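Asks: Dropping the structure in here first, questions after.
The values are calculated or read from the model by the stated rules, or taken from the named source; none is laboratory data. Keep in mind that what you see is a predicted model, and the values were worked out from it rather than measured. Quick reminder, even Gly has a Cβ in these numbers, built from the backbone with ideal geometry, and neighbours come from all protein chains shown. Areas reflect the complete protein model, heavy atoms only, side chains present, ligands, DNA and RNA absent. Shrake-Rupley method; radii C 1.70, N 1.55, O 1.52, S 1.80 Å.
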Amino acid sequence: MATSIIRAVCPHDCPDTCALLVTVQDGVATEVRGDPDHPTTAGVLCTKVARYAERTYHKSRLLSPMKRIGKKGEGKFAPISWDEAITTIALRLHSISARGGDAAQAILPYSYAGTMGLVQGESMAMRFFHKLGASRLERTICSTAGGEGYKYTIGARIGTDVEQTEHAKLILIWGGNPIASNLHFWMWAQQAKRNGAKLIAIDPYRSLTAEKCHQHIALLPGTDAALALGLMHVLIAENLVDQDYLDRYTEGFEQLRVRVAEWPPQRVAATCGISVDEVLQLARDYGATAQRGEATLIRINYGVQRTHGGGMAVRNVACLPALVGSWRHAAGGILLSSSDAFPKDRATLERPDLLAGRTPRSINMVTIGDDLLRAASPEFGPKIEALIVYNSNPVAVAPESDKVAQGFAREDLFTVVLEHFQTDTADYADILLPATTQLEHVDIHSTYGHLYMMANNPAIAPLGQAKPNTEIFRMLAARMGFVEPCFQDSDDAIAAQAFRTDDARVAGPYWDQLKQRGWQKMVMPNAPFAHGGFPTVSGKCALYSQPMADAGFDPLPAYTAPHESVASNPELAAHYPLAMISPPARNFLNSTFVNVQSLRATEGEPHLDMHPADAAARSIAQDDRVRIFNDRGSFVCRVRITDKARPGLVVGLSVWWKKYAADGKNANQLTSQRLTDMGRGPTFYDVLVEVEKV
Ligand SMILES: Nc1nc2c(c(=O)[nH]1)N[C@H]1C(S)=C(S)[C@@H](COP(=O)(O)OP(=O)(O)OC[C@H]3O[C@@H](n4cnc5c(=O)[nH]c(N)nc54)[C@H](O)[C@@H]3O)O[C@H]1N2
Ligand SMILES: Nc1nc2c(c(=O)[nH]1)N[C@H]1C(S)=C(S)[C@@H](COP(=O)(O)OP(=O)(O)OC[C@H]3O[C@@H](n4cnc5c(=O)[nH]c(N)nc54)[C@H](O)[C@@H]3O)O[C@H]1N2
Ligand SMILES: [Mo]
């Protein structure tokens, strides 16, 4: 038997981007392991990706192009040839774009990070849509609110090197559940704990992670900005700040002092639904650890930015390390994302120059529910007539799902879906195309949780008739008569274009070596802001931000209550008194892996966690079936009565495929399309509901 080991990369939307070793025997992938030599992967994979072979060879893999033969959403298809599929799509797109002017804007790509690969993500696909003049998609469904808030304060999405975590003495895990969603950070945090560090979780829910920290502060969702203001108040009032660092490397401290004077611990405690003591103790722990000369690290994750004031919340928290001089330590500071450590060459990958002076409108992926139902108008432009979905499952993951499904069900909408499986979205396709998985194609990756660029080599031949996304768009480009040479670039050639080789962090051509070695660390200083040098306009940490003032924001840290809260909307709160959040389940990756039997079995069935007091008030008993509802919709699942959910909060771990639920629905029935303060992001955790027994 011929056995080989192939170097690959986990493609999923997770900060860890693990280095994989794939064992291949006679052309079949028999095992997927974490590379023991990769510094952050360290030979460990999560339960999901350890099952990657099971997912790849799943009996339900899509292996042939298909066309719809039933009603939209019914999921009935018949196989067709690639030639028929490509011809059908090209004719339909041509019939729209040939009307001339900006008619091609009636075509919309819809994609996200099903694969994080720079080749199978937005390379050939974007070239195709740019040449066509299709509507652009604002890819906002995850991280734009916090990204913007963080950049106003720090200057770029860079921060502490995760490999330094073990040297921190106090770690605030703020709005994250790393045991589920950032496992390799958690491994470093465990090492820090063994070295004597204290771990504190700040999360409305006692998550798997919060359960294992020394302390858990269960604030109300969407109140983090107020907690950060209160911490700054106490740090300043009790003189726990690093005045030398503030004087040299920050701007606006005097204005900040005035602002945070408005936020005494009593006000903060009342806003956040926690005790005055919790506010005081947290500030003293944070300030005193720094004054002892020890590193305090904040790992802020995505849970903080999914409510109305999410951008400002991240901005406020990002001010804290500068106040106590925490950036002086390599293990200090804050980490939201490492994505700006990578000099990606988007212009070469995506070729916006192919727009040739046209400026198509942008559609926000968060509001796809409303936008699919909009008629043509001077403000909106043409009605959306064709939708090409890849690397995403909007019918399951986008907010206000009743509207999303209504839009996808439109008879006059032409929908193409590139997928591995027949997802909730695929059920609505007119043409469904089989895509290859990471084991079957080439890719190159940057990451958002560590500092290694990574190469993915194909381990096996494509299954059935599956093709890489790139090849599908290459075929479409050829059929549409697009002659630019970039439409002939191979995947290997695209991988070699992904990073700017003139950037010192990359230091020249990389791809041929990377393919062999698997990874390469970006060249970055260890304690990046120990001596200031923030990539902001002023070069300082912006406690006061002039660019924010220019953009119409409060230039100082501030607090805005969630859209759906007693403070913002008492009338709504009287009807729907419970806040609902729907963060990721451990065994799923967004909606990916829900169809893998072994992983779904571990999660059981869709459920809602509810505090005993809230359950008693509604005569709800353990394991009852309950209906969760608000004005946008409802879904039914089983209740788990537990004090993991704080009073007033219900938690539905997500994102379930609707077709596996008793009523064919999921938590996104209830979420809203309202956008965050910054970055036009989603407000998935800014939702009021009521719950009743069914
Ligand atoms: N297993 C697994 N891993 C994943 C994913 C997955 O679906 N499954 N998804 C990946 C993706 S795309 C992302 S964006 C990340 C998401 O993962 P994280 O960055 O960890 O973010 P969330 O899971 O959304 O939320 C984390 C915690 O924040 C809490 N939270 C909710 N609202 C608030 C709030 O207002 N304030 C505070 N302080 N906490 C709040 C939730 O209860 C939850 O426990 O993980 C990635 N990794
Ligand atoms: N209620 C609620 N909703 C949420 C969230 C939440 O916490 N709660 N989280 C939100 C967040 S943070 C995010 S990032 C989004 C994620 O939303 P999506 O980006 O839509 O992520 P997935 O649901 O994992 O769907 C990705 C799809 O891409 C497919 N795919 C993977 N690789 C490839 C490939 O190479 N080619 C093709 N053609 N397809 C591929 C997978 O099979 C999968 O069906 O969901 C958001 N929705
Ligand atoms: Mo995400």
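Asks: Would you mind pulling out the separation of the Cα centroids of the range 563-639 and the range 94-108, in Å?
Replies: Their Cα centres are 42 Å away from one another.
Asks: Of Ser123, Phe553, Thr592, whose Cα points farthest to the positive end of the dipole of the chain (charges on the beta-carbon: +1 Lys, Arg; -1 Asp, Glu; origin at the Cα centre)?
Replies: Going by the charge dipole, the pick is Thr592.
Asks: Kindly give the semi-axes, whole Å and largest first, of the ellipsoid equivalent to the range 570-693, taking each as the square root of 5 times a Cα gyration tensor eigenvalue. Walk me through the numbers on the way to the answer.
Replies: Numbers: eigenvalues 94, 77, 31 Å².
Each semi-axis is √(5λ); the values are 22, 20, 12 Å.
Asks: Quick one: if you stick a label point 7 Å off each Cα along the C-beta vector at Asp370 and Ser81, how many nm between them?
Replies: Result: 4.6 nm between the two label points.
Asks: How about the range 1-108: which GluC sites (Glu not before Pro) there lie in a loop by DSSP and see at most 15 other Cβ atoms within 10 Å?
Replies: Glu74
Asks: Further question: Near the amide H of Asp624, under 5 Å away, which other amide H atoms are found, from residues 5 or more places off or on another chain, if H is placed in the peptide plane?
Replies: So Asp624 has HN proximity to Val639.
Asks: If you add up the charges near Leu556, with Lys and Arg at +1 and Asp and Glu at -1, over every other residue whose beta carbon is less than 13 angstrom from its beta carbon, what do you get?
Replies: -1
Asks: Using 1/(1 + (r/R0)^6) with R0 = 56 angstrom and r between the beta carbons of Ala574 and Leu355, what's the FRET efficiency to the nearest 0.05?
Replies: My answer for the efficiency is 0.70.
Asks: A further question follows. In whole Å, largest first, what are the principal axis extents of the Cα atoms in the range 499-631?
Replies: Largest to smallest, the principal-axis extents are 65, 47, 26 Å.
Asks: OK, next. Equivalent-ellipsoid semi-axes (√(5λ), Cα gyration tensor) for the range 259-417, whole Å, largest first? Numbers along the way, then the final one.
Replies: Numbers: eigenvalues 388, 104, 40 Å².
They are 44, 23, 14 Å, listed from largest to smallest.
Asks: Could you pull out every Cys in the chain that lacks a partner Cys with its beta carbon under 4.7 Å away?
Replies: Cys14, Cys46, Cys142, Cys213, Cys272, Cys319, Cys486, Cys541, Cys637 - these cysteines have no disulfide-compatible partner (Cβ-Cβ under 4.7 Å) in the chain.
Asks: Measure off 7 Å from each Cα along the Cα-to-Cβ vector at Val483 and Thr47, then give the distance between these two points in nanometres to one decimal.
Replies: In this crude label model, Val483 to Thr47 measures out at 5.7 nm.
Asks: Hey, what's the range 499-648 come to in accessible area per residue, 1.4 Å probe, Å²?
Replies: That works out to 45 Å² for each residue.
Asks: Separate question: Express the Stokes-Einstein translational diffusion coefficient of the range 3-56 in µm² s⁻¹, to the nearest whole number, given a Kirkwood radius over alpha-carbon pairs, 25 °C and a viscosity of 0.890 mPa s.
Replies: 220
Asks: Just round it to a whole percent: the fraction of Cα-Cα distances in the chain exceeding 34 Å.
Replies: So the portion of pairs separated by more than 34 Å is 46 percent.
Asks: Normalised by the residues of the chain, what does the relative contact order come to in percent, with Cα pairs under 8 Å and at least six apart?
Replies: Dividing the mean separation by the residue count of the chain yields 21 percent.
Asks: If you don't mind, another one. Taking 20 °C and 1.002 mPa s as the conditions, I'd like the Stokes-Einstein D for the range 404-520 in µm²/s, using the Kirkwood hydrodynamic radius from alpha carbon pairs.
Replies: 128
Asks: Which listed residue (Pro606, Pro382, Ala78) has the Cα farthest towards the positive end of the charge dipole for the chain, taking +1 on Lys and Arg C-beta and -1 on Asp and Glu C-beta about the Cα centre?
Replies: Result: Ala78, furthest along the dipole toward the positive end.
Asks: State in Å² the accessible area per residue of the range 408-464; use a 1.4 Å probe, count heavy atoms of protein chains only, and round to the nearest integer. Kindly include the intermediate steps, with their values, before the conclusion.
Replies: Working: 1020 Å² over 57 residues.
Result: 18 Å² per residue.
Asks: Where nothing but the Cβ of Lys and Arg (+1) and of Asp and Glu (-1) is charged, how large is the charge dipole of the chain around its Cα centre, in debye to the nearest 20?
Replies: Dipole about the Cα centre, nearest 20: 720 debye.
Asks: Ser60 to Met1: FRET efficiency via 1/(1 + (r/R0)^6), r the Cβ-Cβ distance, R0 22 Å, to the nearest 0.05?
Replies: 0.20
Asks: Take Arg638 and Ser538, extend 7 Å from each Cα along the Cα→Cβ direction, and tell me the distance between the two endpoints in nm.
Replies: 5.6
Asks: Roll a 1.4 angstrom probe over the protein heavy atoms and tell me the percent of accessible area of the range 276-361 that is carbon or sulfur.
Replies: The computed percentage sits at 48.
Asks: While we're looking at this one, here's another question. Counting only protein heavy atoms, what percent of the accessible surface of the range 482-577 is carbon or sulfur at a 1.4 Å probe?
Replies: Carbon and sulfur together cover 55 percent of it.
Asks: Leaving out ligands and nucleic acids, and using a 1.4 Å probe, what accessible area per residue does the range 1-123 come to in Å²?
Replies: Using a 1.4 Å probe on heavy atoms only, each residue of the range 1-123 averages 40 Å².
Asks: Can you give the extra length, in nm with one decimal, that the chain gains between Val258 and Val523 once fully stretched, where that is 0.36 nm per residue apart less the Cα-Cα distance?
Replies: 91.5 nm
Asks: May I ask you to compute the full-extension gain from Asp512 to Arg99, defined as 0.36 nm times their residue separation minus their alpha-carbon distance, rounded to one decimal in nm? Intermediate values should be presented prior to the final figure.
Replies: Numbers: separation 413, 0.36 × 413 = 148.68 nm, distance 4.44 nm.
Working it through step by step, the gained length comes to 144.2 nm.
Asks: Here's another thing I want to ask about it. Kindly provide the helix-only [θ] at 222 nm of the chain, computed as the sum of -39,500 (n - 2.57) over DSSP H runs of four or more divided by all residues, to the nearest 500 deg cm²/dmol?
Replies: Dividing the helical sum by the residues of the chain leaves -8000 deg cm²/dmol.
Asks: Rounded to the nearest 0.05, what FRET efficiency is calculated for Asp277 and Glu238 with R0 set to 25 Å and r the Cβ-Cβ distance?
Replies: That pair, Asp277 with Glu238, gives E of 0.95.
Asks: Next question, about the same structure. What part of the accessible area of the range 103-256, given as a whole %, is carbon or sulfur when the probe is 1.4 angstrom?
Replies: Values: 1960 of 4100 Å².
Carbon and sulfur together cover 48 percent of it.
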